[in-house]
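The values are calculated or read from the model by the stated rules, or taken from the named source; none is laboratory data. Worth saying up front: this structure is predicted, and the values here are computed from it rather than measured. Every residue, glycine as well, gets a Cβ built from its backbone with ideal geometry; the counts of neighbours run over all protein chains shown. Side chains are part of the model used for accessible areas, which takes the heavy atoms of the whole protein and leaves out ligands, DNA and RNA. Shrake-Rupley method; radii C 1.70, N 1.55, O 1.52, S 1.80 Å.
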Amino acid sequence: MGKIFVVGIGPGGMEDMTPRAKNAIENSDIIIGYSTYIDLIKDCFQGKQFISSGMTREVERCTLVLEKALEGNTISLVSSGDSGIYGMAGIMLEIANKSQEKVEVEVIPGITAATAAAAVLGAPLMHDFAVISLSDLMTPWELIQKRLEYAAAGDFVTCLYNPKSKNRSEYIGIARDIMLKSRKENTPVGLVRNAGRQNETHTITTLAQMLEHEIDMFTVVIIGNSQTYIENGKIITPRGYKI
Ligand code: SAH
């Protein structure tokens with residue numbers, strides 16, 4: 001009987017991959033994942049068998065992983081960031097649970113885009129925060145808007161994943177407008193593109209001006225709460241310490 005590791009490989013570079021994630025991949029016979037993530041790690045694990053698959057093929061990918069594990073292989077199914085945050089951990093467990101034959105699945109966490117980006121920006125996540133994906137592929141847009149409204153009203157620092165794609169370029173503007181209903185125009189906003197990767201860039205802006213900058217599917221957006229401020233080029237959300 002084989003084994004399945006669902007591995008969060010971190011935001012990009014090997015430096016941000018945990019030793020536990022590295023070990024799992026090194027101890028696997030086959031590494032399976034979305035082609036962009038396989039390309040990120042391929043050169044660092046030479047001699048391994050890699051299988052890349054396309055974006056919206058998660059169910060097939062997990063079914064393949066299960067088949068290979070039942071043949072006796074140890075498999076690493078890789079996700080960028082954390083495998084349990086909009087990653088492969090949930091669907092892999094669901095598919096493994098459905099199978100008649102039981103196979104062990106171990107979920108290995110990784111540094112998610114929000115924390116990788118927060119470190120680039122300073123310390124924006126020092127207080128309660130919400131993470132919301134603007135992808136409506138599997139979540140109705142009405143529900144996404146409702147969550148944005150509650151996060152805004154609750155004064156949560158808000159991280160937006162999947163902020164913009166070709167088919168839904170207007171969502172980020174609507175999300176911004178929802179935030180503006182209960183947050184000031186000069187609320188700090190950080191945009192980090194390709195956090196932890198060679199081509200990383202970041203912008204510190206405000207809720208009023210954030211749409212003037214490039215935002216795409218490689219970007220994570222962090223919107224501050226009512227206390228968040230910018231100083232010396234860093235975003236800080238105070239925890240409340242007296243200094
Ligand atoms: N499991 C991943 C998230 C996958 S959802 C994680 O934990 O990070 C994909 C979205 O995550 C992207 O659209 C983008 O908003 C964000 N993202 C993932 N990697 C990123 C990176 N290196 N830099 C900036 N944003 C990233």
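Being assigned to a helix (DSSP H, G or I) and within 11 Å of the ligand (Cβ to nearest atom) narrows it down to one of ALA117, ALA151, so name that one.
ALA117
Look at VAL105 and say whether it is open to solvent by less than 70 Å² (accessible area, probe 1.4 Å), at pLDDT 95 or above, in a strand (DSSP E or B) and within 12 Å of the ligand (Cβ to nearest atom).
no
Determine, yes or no, whether SER52 is within 29 Å of VAL221 (Cβ to Cβ), of a type in the set (Ser, Thr, Tyr), open to solvent by 30 Å² or more (accessible area, probe 1.4 Å) and more than 16 Å from the ligand (Cβ to nearest atom).
Taking the combined requirement at face value, the residue satisfies it.
Can you pull out every residue in the stretch 2-51 that is without any contact (Cβ under 8 Å) to a residue 40 or more places away in the chain, over 19 Å from the mean Cα position of the chain (by Cα) and not in a loop (DSSP other than H, G, I, E, B)?
PRO19, ASN23, GLU26, LYS42, ASP43, CYS44, GLN49, PHE50, ILE51, listed by residue number.
Only residues that are part of a strand (DSSP E or B) and open to solvent by 80 Å² or more (accessible area, probe 1.4 Å): list them for the stretch 202-229, please.
Passing the criteria: HIS202, TYR229.
Exactly one condition in (1) away from the ligand (no atom under 11 Å from the Cβ); (2) closer than 13 Å to ILE223 by Cβ; (3) surrounded by fewer than 22 Cβ atoms within 10 Å (Cβ to Cβ) is false for VAL131; which is it?
(1)
When the stretch 169-188 is examined, which residues are found to be open to solvent by less than 80 Å² (accessible area, probe 1.4 Å), at pLDDT 95 or above and either within 16 Å of THR219 (Cβ to Cβ) or not charged (D, E, K, R) (or both)?
TYR171, ILE172, GLY173, ILE174, ALA175, ARG176, ILE178, MET179, LEU180, THR187, PRO188
From the list GLN198, GLN145, exactly one residue is of a type outside the set (Gly, Ala, Ser) and within 12 Å of the ligand (Cβ to nearest atom). Which is it?
Answer to the selection: GLN198.
Please identify the pairs in which a residue from the stretch 76-104 that is more than 20 Å from LEU134 (Cβ to Cβ) has its Cβ atom under 8 Å from the Cβ atom of a residue that is open to solvent by 100 Å² or more (accessible area, probe 1.4 Å), counting only partners at least 6 apart or on another chain.
Filtered contacts from the stretch 76-104: ALA96/LYS102; VAL103/MET1; GLU104/MET1.
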